[in-house]
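**Student:** Before anything else, here's the structure in question.
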Amino acid sequence: MDKNAPIGIFDSGVGGLTVAREIMRQMPEERIVYFGDTARVPYGSKSRETIIKYSRQIVRFLLTKQVKAVVIACNTASAYAMDAVEEVCKLPTIGVVKPGARVAAEATQNQRIGVIGTEGTISSGLYPALIHQFDPQIEVIGKACPLFVPLVEEGWLHDPLTEEVVKRYLDSMKQEKVDTLVLGCTHYPLLRSMIRKVMGEGVNLVNPAYETAVGLRRMLEFRDMTNEGRLDEGVDKYQFYVSDSPERFQAFADSILPCTAEHTEVVNIEEY
């Protein structure tokens, strides 16, 4: 395997850019190929079978870019399609769920963890299952927050309406006295300040995007697959692909990434 090959990252849309951002920050020498399935977002309300189908198609596309590892930067796809992805690509693969579950289990003091995410992520039960692998005594309280994604994608990160929605969703978490809250959707870290305001300073907020980047770095170091810092002439360090609406994707990416996504290309993902 070429150490200088890119890391493949995929998500249902723009939310996985929070994972890409953390990887760029923690591993600035690495190349990235990012695919956002903007034509078929959201994944959270779709069936397991559909998400597995979509994930397989995307991985087949990433393999055409000679990636050396795959990051499933989508909680729902991580919950439903990890095994299917590993079967297709045979490459080192990491999702966003397990790293977040591990850190949450380590962080809680009162054994009460809240998990917020899409309907698919919450109904999958994967977060409780993984957290219980670390400590079966922990009580996990899940809450689907489907309106968070469209609010983030509209850019309403500090809007009074968003604050009201956050309060409505998280009131039950406050009543449950959780001391740790997993931001179980890649969009949610962009609402971190609003969630912190509502939940208070005493609650640990776990960002799986950050923990996934840490886990990826360890995985590549263990396998001696970290980039040596070489970038071939004429090759973009960061490449972005979507299944629809490149202009909207670019605008969102440029607002949160330490680079521009001006060369975003549209891919007919159904061909894969």
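**Student:** Among the β-branched types (V, I, T) and in a loop (DSSP other than H, G, I, E, B), is that true of V59?
**Tutor:** no
**Student:** For the stretch 248-272, what are the residues that are in contact (Cβ under 8 Å) with a residue 60 or more places away in the chain, within 22 Å of R60 (Cβ to Cβ) and open to solvent by 80 Å² or more (accessible area, probe 1.4 Å)?
**Tutor:** E270
**Student:** Residues of the stretch 95-111 being farther than 20 Å from R48 by Cβ and among the β-branched types (V, I, T), which ones?
**Tutor:** Listed by number, the residues that qualify are V103, T108.
**Student:** Scan the stretch 93-134 for residues that are of a type in the set (S, T, Y), without any contact (Cβ under 8 Å) to a residue 40 or more places away in the chain and open to solvent by less than 50 Å² (accessible area, probe 1.4 Å) and report the count.
**Tutor:** So the count comes out to 1.
**Student:** While we're looking at this one, here's another question. Which numbered condition trips up G155, out of (1) in contact with a strand residue (DSSP E or B) (Cβ under 7 Å, 6 or more places away or on another chain); (2) at positive phi?
**Tutor:** (1)
**Student:** Could you check the stretch 93-160 for strands (runs of 3 or more DSSP E) lying wholly inside it with 1 or more residues that are modelled with pLDDT of 95 or more and over 30 Å from R223 (Cα atoms)? Let's see the steps before the verdict.
**Tutor:** Working: elements: 93-95, 112-117, 139-144.
Qualifying strands (runs of 3 or more DSSP E): 112-117, 139-144.
Quick grid of which residues meet (1) of a type outside the set (D, E); (2) within 21 Å of A5 (Cβ to Cβ):
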{"residue": "M199", "(1), (2)": "yes, no"}
{"residue": "F222", "(1), (2)": "yes, yes"}
{"residue": "D232", "(1), (2)": "no, yes"}
{"residue": "S255", "(1), (2)": "yes, no"}
{"residue": "C259", "(1), (2)": "yes, yes"}
{"residue": "E262", "(1), (2)": "no, no"}
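The values are calculated or read from the model by the stated rules, or taken from the named source; none is laboratory data. Keep in mind that this is a model prediction, so the values were computed, not measured. Cβ sites come from the backbone with ideal geometry, for glycine too, and all protein chains shown count toward neighbours. Side chains are part of the model used for accessible areas, which takes the heavy atoms of the whole protein and leaves out ligands, DNA and RNA. Shrake-Rupley method; radii C 1.70, N 1.55, O 1.52, S 1.80 Å.
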